[in-house]
């Protein structure tokens, strides 16, 4: 059973939500929508690397926060509510210097006022790069 409020959500539609934002600048795109997960990917390029040529930990956090925030936005009725990240945690497990990283975002908790998301980021060889947890507040729209 799908957790999404809007059942006809597509990867292209989700990617378009981020136009003219940081995630768009970094090249993030949604590549899969499952019944209870989103899969986003991001290129490892000069925009996402730190001076040593490795994926910047902040870029991993951008991927994780984008995945979780988009997921929360797709769970709620956006006419009545908005969602904002209130805490992110990330453990960087492995370095990456090229290719793509892919984040898979799944819910740990979908409450009335908070959502907690588990985001795992993998490299092109399906090796774990980063594990992250994002907590999102659900606020009434004014």
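Bear in mind that the values in this text are calculations on the coordinates, not laboratory data. Everything numeric here is computed off the predicted structure, so don't read it as measured data. Because the Cβ atoms are built from the backbone with ideal geometry, glycine has one as well, and the counts that use them run over all protein chains shown.
So, in the range 34-83, exactly how many residues are more than 13 Å from the chain's Cα centre (by Cα) and closer than 17 Å to residue 17 by Cβ?
Residues that pass the stated criteria total 8.
For the range 118-142, give me each residue that is farther than 17 Å from residue 36 by Cα and free of Cβ contacts under 8 Å to residues at least 60 places away in the same chain.
Those that are farther than 17 Å from residue 36 by Cα and free of Cβ contacts under 8 Å to residues at least 60 places away in the same chain: 122, 123, 124, 125, 126, 127, 128, 131, 137, 139, 142.
crowded, with 17+ Cβ neighbours inside 10 Å and in contact with a strand residue (DSSP E or B) (Cβ under 8 Å, 6 or more places away or on another chain), is that true of residue 109?
Answer is no for this residue.
Within the range 7-21, which residues are loosely packed, with under 13 Cβ neighbours inside 10 Å and either within 12 Å of the chain's Cα centre (by Cα) or not in a helix (DSSP H, G or I) (or both)?
Scanning the range 7-21 gives 7, 8, 10, 19, 20, 21.
For residue 134, work out the one condition from (1) over 13 Å from the mean Cα position of the chain (by Cα); (2) in a strand (DSSP E or B); (3) surrounded by 16 or more Cβ atoms within 10 Å (Cβ to Cβ) it doesn't fulfil.
(1)
Determine which single condition residue 66 fails, assuming it passes every other condition in (1) over 18 Å from residue 137 (Cβ atoms); (2) in contact with a strand residue (DSSP E or B) (Cβ under 7 Å, 6 or more places away or on another chain).
(1)
Can you confirm whether residue 77 is within 13 Å of residue 61 (Cα to Cα) and surrounded by fewer than 20 Cβ atoms within 10 Å (Cβ to Cβ)?
Details: within 13 Å of residue 61 (Cα to Cα): no; surrounded by fewer than 20 Cβ atoms within 10 Å (Cβ to Cβ): yes.
So residue 77 does not fit the description; no.
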